[in-house]
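Read-outs: derived from the displayed coordinates by stated rules, not from any lab. Every value quoted in this text rests on a predicted model; they were computed, and no experiment measured them. Counting neighbours? That spans all protein chains shown, and the Cβs are built from the backbone with ideal geometry, glycine included.
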Amino acid sequence: MVEWVDTHCHLQMDTRDPAILLNRAGHVRHVVVPGVDLASSIAAREIAQMAPGRAFYAAGLHPHEADRWNTERDGLLPLMEEAVAIGETGLDFYRNLSPAEAQMESFVDHHRMAVEMVKPLIVHCRDAFRQIYEVLEEHGAGPWVVLHCWTGGPKWSKRFLEMGVTFSFAGPVTYHTGDTIRRGAAVIPPERVVVETDAPYLAPEPHRRGPNEPRYVNFTGEALARIWGMEATEVARLTSERAIGVFDL
Ligand SMILES: [Zn+2]
């Protein structure tokens, strides 16, 4: 059977029962559930405990919430120690829900913890390619840096590729508005890519109108297969291998 790994789904932020969502995703071998703050990181851990070996969690503070870094940091640290990854963190200068300085401080601190704890770093990047690039250039990057919901075009894809990062593609690569993303994907070798749903958000075509869930991850993988001129089964194999290796699942 073709098996996928959904490297980014917020099952704890869905009103539906995570056990049901996992049960009907039989073609998804593993899922990684990232927190966006302390409470959601604790909830992500509960899902991982409910489905050991299948669901894993990451702990971190989303850039939207970065102004809470000083109050949530101490609570997040022990969760990070136990999690498979640090995040999600990053920078979002599109919605700017937290001040830029707070986002930067939180992101750099998350990065430092990932280095210290030797864990992958899940990075949200929106309207912040240059700033993310500069932080990684200064503080270090490699396969352990996972650029989640990657939307860069060829230029940024090539620049980040040289840093050795892992690119995680989500539903937008299937959208009719996703041309830039598809041109970016075309310059990235499949071996460097993982897939995700970012559920319950960003459902891929043809499910875009409804809530997203792990069982839809194959639609993103199939879009990549068309871009690369490969069989979807091969994309599943390569992206799952990369995900299992990077997150040590
Ligand atoms: Zn997310």
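Efficiency by 1/(1 + (r/R0)^6): what FRET value for Asp17 and Ile244, r their Cβ-Cβ distance, R0 = 22 Å, to the nearest 0.05?
0.25
Within the stretch 136-226, report the GluC sites (Glu not before Pro) that DSSP leaves as loop and that have at most 14 other Cβ atoms within 10 Å.
Passing sites in the stretch 136-226 do not exist.
Using 7 Å Cα-to-Cβ label points, what is the Glu231/Gln49 separation (nm, one decimal)?
Each label point lies 7 Å from its Cα, and together they span 4.2 nm.
Place the peptides 225-232, 56-63 in order of packing, highest mean first, counting for every residue the other Cβ atoms within 10 Å and averaging per peptide.
56-63, 225-232
Determine the calculated [θ] at 222 nm for the chain from helices alone, applying -39500 (n - 2.57) to every DSSP H run no shorter than 4 residues and normalising by the residue count; nearest 500 deg cm²/dmol. Kindly include the intermediate steps, with their values, before the conclusion.
Values: 9 runs with 108 residues, N = 249.
One gets -13500 deg cm²/dmol as the mean residue ellipticity at 222 nm.
Considering only DSSP states other than H, G, I, E and B, which chymotrypsin sites (Phe, Trp or Tyr not before Pro) in the stretch 138-197 qualify as loop sites with at most 15 other Cβ atoms within 10 Å?
Values: sites: Trp144, Trp150, Trp156, Phe160, Phe167, Phe169, Tyr175; in loops: Trp144, Trp150, Tyr175.
Sparse-neighbourhood loop chymotrypsin sites (Phe, Trp or Tyr not before Pro): Tyr175.
So which trypsin sites (Lys or Arg not before Pro) in the stretch 89-129 are both in a DSSP loop and have at most 11 other Cβ atoms within 10 Å of their Cβ?
Arg95
In the stretch 35-159, what is the volume of the convex hull around the alpha carbon atoms, normalised per residue and reported in Å³?
104
Let me check I've understood the local charge: for Lys119, count other residues with C-beta under 15 angstrom from its C-beta, Lys and Arg +1, Asp and Glu -1. What total comes out?
Working: positive: Arg45, Arg112; negative: Glu81, Glu82, Glu88, Asp109, Glu116, Asp248.
Neighbour charge sum, excluding Lys119 itself: -4.
Determine by what factor the alpha-carbon radius of gyration of the chain differs from 2.2 N^0.38 Å, reporting the quotient.
Relative to the rule-of-thumb radius for its length, the chain sits at 0.91.
Relative contact order of the stretch 106-249, please, whole-number percent, based on alpha carbon pairs below 8 angstrom and at least 6 residues apart.
19
Cα extents of the stretch 102-249 along the three principal axes, largest first, in whole Å?
Projected onto its principal axes, the Cα set of the stretch 102-249 covers 39, 28, 28 Å.
So how far apart, in nm, are the two label points at His139 and Thr177 if each is 7 Å from Cα heading toward Cβ?
3.0
So for the chain, averaging the separation of alpha carbon pairs under 8 Å that are six or more residues apart and normalising by length, what relative contact order in percent results? If you can, show how the numbers build up before the last one.
Values: 561 pairs, mean separation 50.3, N = 249.
Here the relative contact order equals 20 percent.
Between Arg130 and Arg208, what FRET efficiency follows from the Cβ-Cβ distance if R0 is 41 Å, with the result rounded to 0.05?
Calculated transfer efficiency: 0.90.
Quick check for me: using +1 on Lys/Arg Cβ and -1 on Asp/Glu Cβ, what's the dipole size of the chain about its Cα centre, in debye to the nearest 20?
Once rounded to the nearest 20, the dipole reads 800 debye.
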